[in-house]
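In what follows, a single structure is set out as structure tokens and then discussed.
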Amino acid sequence: MLETLRLGGNGRVFSVGKLEWLSYLSRLKEVNLSFTNLSNANDWSLIINHLPLLQKLNLRDCDLPSISSFSVSLTNSSTSLNTLDLSHNNLPSSAIYPCDNLFILAENQVRGDSGLNEIRKLPDINILDLGYNLLNGSISKRNSFDSDVISEAHFSNFTYLRNLDLSYTSLTLKVNTGWILPFQLSQRKHCSCKLGPRFPDWVRPQRDVLTPRFYKYSKDYLDISASGILDSLPYWFWDKFWGFSYINMSFNQISGTFPNASIHTSHLDLSSNNFSGPLQCFSLDISKMMSINLSKNKFTGSVSPICNIIGDLALFDLSNNLFAGVVPDCFESFPFLTALNLGDNGFSGSLPSSLGYLISLEMLSLRGNKFSGELPSSLQNCAKLKFLDLSDNELSREIPMWIGQKLSSLVFLSLQGN
């Protein structure tokens, strides 16, 4: 008897139609119909509800039709279901299933309080993904929605929760000071949630800091961007998060300084905050594509510590700060850099000749500084440049011929204000 059925991943080439035929495959344990066209399968929830041995169900991006009685309980039928993915559909309300490990409803149109109270019935859940929906209610301990607030009581039974994604739900998370999570999260995705104005202490990892031997294998993730935080960075932050692979705190009003110690992350975004002070000696030495965005803050002083960066840096943005002095001539260390933005600072002196080593560079902005002298001839090696903005500096001499000859991929060029 058939136990595994996988028709997914074909770019909606298949149009499955009705799913009544599935009901005859009663021994099915895994069904994957992702990226197939199920727009006419208005019986999908009824059929799936009667597969008693089903453990894994993936209906991602299937154009699932809306069903008025969509909130279906599998308590009395498919009790073995442990993995469910209904993401990237246009579902108008939430389908809550008792999955043991994974629950994903991301990027649908789940609105208001529809079905959210049922989440509390899933104490063994491992991954909770409600991101990119239209939630505006709260999960109440007594299954009643009276505001848009989530408190620690709603997570009291989630001992096994590891990944929590509430991105773009507009939910407010209010917990008591000193709340200790009953679970060990490795991924915290709360973009556009209302966490502030105080910095949320509860995001602090409970585990010890990873040792240098293991940090390269970390997949820990923190995203608290655009979450209404108006506070200073806690003293413990860099000690607890230095080994996270992804840190995004952008678009808040967080104040603080760059750490003295090295940090080890592949993606760091502190943009649009109130960070200040100089860059300390730091290291980002995970051997994979990385990005650093410190733009729109109040950092000051020299940027010479950038010469200590080790790794395949892809994006580097220090724009709109108060940096000053000469830019160090050490860009030969970044052969995979595709975007470099040092605009709107107080840099002076000549343009570094080592910019010519950035053979993968597609975007370069040095606008709004005090760079002087001529364009280094080495810049013609950056043949992939599409965007070049050197405006509002003190550059002089003739515009070199090689700009038109060597930089044939340019679609934007600005040299005004020199």
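What to note about this one:
- Per-region count, region 1-13, residues modelled with pLDDT of 65 or more and in a loop (DSSP other than H, G, I, E, B): 6
- Strands (runs of 3 or more DSSP E) within region 246-348 that include 2 or more residues among the hydrophobic types (A, V, I, L, M, F, W, C) and touching a Leu at 6+ places or on another chain (Cβ under 6 Å): 290-293, 313-317, 339-341
- Single residue of F316, F347 found to be over 24 Å from the mean Cα position of the chain (by Cα) and either of a type in the set (A, V, I, L, M) or over 23 Å from S232 (Cα atoms) (or both): F347
- Output for region 337-355, where each listed residue is at pLDDT 95 or above, farther than 17 Å from G368 by Cα and open to solvent by less than 10 Å² (accessible area, probe 1.4 Å): S354, L355
- Within region 216-250, the set of residues being among the aromatic types (F, W, Y) and either closer than 25 Å to D312 by Cα or touching a Lys or Arg at 6+ places or on another chain (Cβ under 9 Å) (or both) comprises Y217, Y221, W236, F237, W238, F241, W242, F244, Y246.
- Annotation note: Cβ proximity below 6 Å between a residue of region 399-418 that is assigned to a strand (DSSP E or B) and a residue that is surrounded by 12 or more Cβ atoms within 10 Å (Cβ to Cβ) (sequence gap 6+ or interchain) occurs for F412/F387; L413/L388; S414/D389; S414/S391.
- Selection within region 29-60: residues that are farther than 15 Å from L5 by Cβ and of a type in the set (S, T, Y). The member of this set that is most open to solvent (accessible area, probe 1.4 Å) is S39.
- Residue count, region 360-418 (criterion: closer than 15 Å to L342 by Cβ and β-branched (V, I, T)): 0
- Per the conditions (1) surrounded by fewer than 21 Cβ atoms within 10 Å (Cβ to Cβ); (2) more than 18 Å from P205 (Cα to Cα); (3) modelled with pLDDT of 85 or more, the sole criterion not satisfied by W238 is (2).
- In this structure, L385 does satisfy being assigned to a loop (DSSP other than H, G, I, E, B) and buried (at least 17 other Cβ atoms within 10 Å of the Cβ).
- Count of region 198-235 residues which are in a loop (DSSP other than H, G, I, E, B), at pLDDT 90 or above and among the hydroxyl-bearing types (S, T, Y): 3
- G17 meets all of the listed conditions (1) on the phi > 0 side of the Ramachandran plot; (2) under 32 Å from the mean Cα position of the chain (by Cα) but one, namely (2).
- Applying a threshold of 6 Å to beta carbon distances and a minimum spacing of six or more residues, or different chains, the list of pairs starting in region 361-372 at a residue that is more than 14 Å from N418 (Cβ to Cβ) and touching a residue at least 12 places away in the same chain (Cβ under 8 Å) and ending at one that is assigned to a loop (DSSP other than H, G, I, E, B) and hydroxyl-bearing (S, T, Y) reads E362/T338.
- Number of residues in region 271-285 that are at pLDDT 90 or above and touching a strand residue (DSSP E or B) at 6+ places or on another chain (Cβ under 7 Å): the value is 6.
- In region 306-317, the residues that are closer than 18 Å to I359 by Cα and modelled with pLDDT of 90 or more form Cβ pairs under 8 Å with partners that are part of a loop (DSSP other than H, G, I, E, B) and not hydrophobic (A, V, I, L, M, F, W, C), at six or more places apart or across chains, as follows: A314/T338; L315/T338; D317/S271; D317/S295.
- Residue tally, condition open to solvent by 10 Å² or more (accessible area, probe 1.4 Å) and free of Cβ contacts under 8 Å to residues at least 40 places away in the same chain, over region 323-336: 9
- Unique match (being surrounded by 15 or more Cβ atoms within 10 Å (Cβ to Cβ) and either at positive phi or of a type in the set (D, E) (or both)) among E374, E362: E362
The values are calculated or read from the model by the stated rules, or taken from the named source; none is laboratory data. Note that the structure is predicted; figures quoted are calculated from it, not measured. Glycine also receives a Cβ, built like all others from the backbone with ideal geometry; neighbour counts cover every protein chain displayed. Surface accessibility is based on the protein's heavy atoms, side chains included, excluding ligands, DNA and RNA. Shrake-Rupley method; radii C 1.70, N 1.55, O 1.52, S 1.80 Å.
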